[in-house]
Amino acid sequence: MVKYIPASKEDALNFLASHDAYIVAGGTDMMVLKRNAAGLLPKFDKDVLYISNLNELNKIYEDKEYIHIGATATLDEIYNHPLTPKLLKEAVGEVASINIRHFATLPGNIANASPAGDTIVIDYLLDAIVKLESKNGVRLVKAENFVLGVRKVDRRSDELITEIMFPRFSYDGDMWYKVGSRKADSISKVSVAGLYSITDGKISKFALAFGSTAVTVRRSHELEKEIEGLTQKELLDRCEEFVEKYSKIISPIDDQRSNKEYRLMVAKNITRKFIKQVGEGK
Ligand SMILES: Cc1cc2nc3c(=O)[nH]c(=O)nc-3n(C[C@H](O)[C@H](O)[C@H](O)COP(=O)(O)OP(=O)(O)OC[C@H]3O[C@@H](n4cnc5c(N)ncnc54)[C@H](O)[C@@H]3O)c2cc1C
């Protein structure tokens, strides 16, 4: 079994082309998934590619269309970077604890594809794009198409995520809520992110995404289209109708962190709060 530390991105892609390997970035999920008996090193059953040393993938930069966040930038670096989109910063600041954030990465969060992955909610809401590279070229996949199910993603075995790209756009207001058992170092029971814009007295942009309430993050483009074009008063008048409609796009479950009734109630309360925020233009 090979454990490989590549010297460059090209070296990493060559390795992936010839080995069926696990990729380890920060290792904060992988070391838990592959943990061994106390005192023993993690148990990997196939080759391992460690990428956290790849400085060429550590960059955070912008061009006309996107903010690009490199695959080895840690959540702590992302949190402290001036280009980081505001909502992403808020969500990243609530992932785990500072020591985990010194290692954890954005691709690690989305590729792990946990229903409770906090930054995935923001990836969906901001229409982020996952950039995958292999020796055969580059593939750009929308985050909401990349996650296929719990721990299932649209990644071929020779591909490395090299960046998460966030389209640049402005909006008037937003919201991020993470509900956990405590303020810090808490896995989400429910998380919700939203954003909106008002143009000429009408809602011109409305988006809501829910985490920890289904096998993957949930966002409804159909409901967003139904809301866009309404006046703020019309939205407020139809608040309960939309709270009910949004509650139908999620399917919370019972697990060790919470139960489905609580999750549904919290998701509805936050949806109602966000609709009021948009309706009142706060
Ligand atoms: C104590 C603790 C608390 C936590 N709290 C939270 C929390 O509050 N919120 C939350 O969302 N998560 C939390 N996590 C989970 C974890 O920290 C995050 O999911 C983190 O973002 C994973 O990043 P990583 O770089 O460590 O991933 P790794 O463990 O290195 O990898 C995770 C998965 O992503 C794949 N991967 C990583 N990088 C790439 C790449 N460049 N290309 C292709 N595949 C790749 C790996 O192969 C693996 O399948 C917690 C974990 C721990 C241990």
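Read-outs throughout are calculated quantities, based only on the coordinates presented, and are distinct from any laboratory measurement. Quick caveat: nothing in here was measured; it's all calculated off a predicted structure. No Cβ is skipped: glycine too gets one built from the backbone with ideal geometry, and neighbour counts run over all protein chains shown.
Backbone amide hydrogens, once placed in the peptide plane, bring G26 within less than 5 Å of T105, excluding anything fewer than 5 places away on its chain. Dipole of the chain computed with +1 at Lys/Arg Cβ and -1 at Asp/Glu Cβ about the Cα centre; of I60, P42, Q256, farthest Cα towards the positive end is Q256. The smallest convex shape that holds all Cα atoms of the chain, its convex hull, gives 134 Å³ per residue.
I need Y177, Y171 ordered by Cβ neighbour count within 10 Å, fewest first. Before the final figure, lay out each step's value.
Details: Y177 21, Y171 17.
Neighbour counts put them in this order, fewest first: Y171, Y177.
Kirkwood radius and radius of gyration were both taken over the C-alpha atoms of region 1-86, and their ratio Rg/Rh is 1.05. Here the label points at K43 and Y22, each 7 Å from Cα along the C-beta direction, are separated by 1.1 nm in the simple model.
From the helices alone, meaning DSSP H stretches of at least four residues, give me the mean residue ellipticity at 222 nm for the chain, per-run term -39500 (n - 2.57), in deg cm²/dmol to the nearest 500.
Working: 12 runs with 91 residues, N = 282.
Helices in the chain give a 222 nm mean residue ellipticity of -8500 deg cm²/dmol.
Each of L264 and V150 was given a label point 7 Å from its Cα along the Cα-to-Cβ line. The distance between the two points is 1.9 nm. The calculated FRET efficiency for K135 paired with E224, based on their beta-carbon distance and R0 = 41 Å, is about 0.60.
Near S186, the amide H atoms lying under 5 Å from its own belong to A96; only residues 5 or more places off or on other chains count, and H is placed 1.01 Å from N. All alpha carbon pair distances within region 173-279 were sorted into 10 Å bins beginning at 0; the resulting P(r) in whole percents reads 15, 48, 27, 9, 0. Placing one identical point scatterer on every Cα of region 190-248 and ignoring solvent, what is log10 I(q)/I(0) from the Debye formula at q = 0.14, 0.22 Å⁻¹? Log-scaled intensity ratios, in q order: -0.39, -0.89.
Calculated FRET efficiency, F169 and R238, Cβ-Cβ r, R0 25 Å, to nearest 0.05? Once rounded, the FRET efficiency stands at 0.45.
In plain terms, the chain from N58 to Q277 could stretch by 75.2 nm, reckoned as 0.36 nm per residue minus the Cα-Cα distance.
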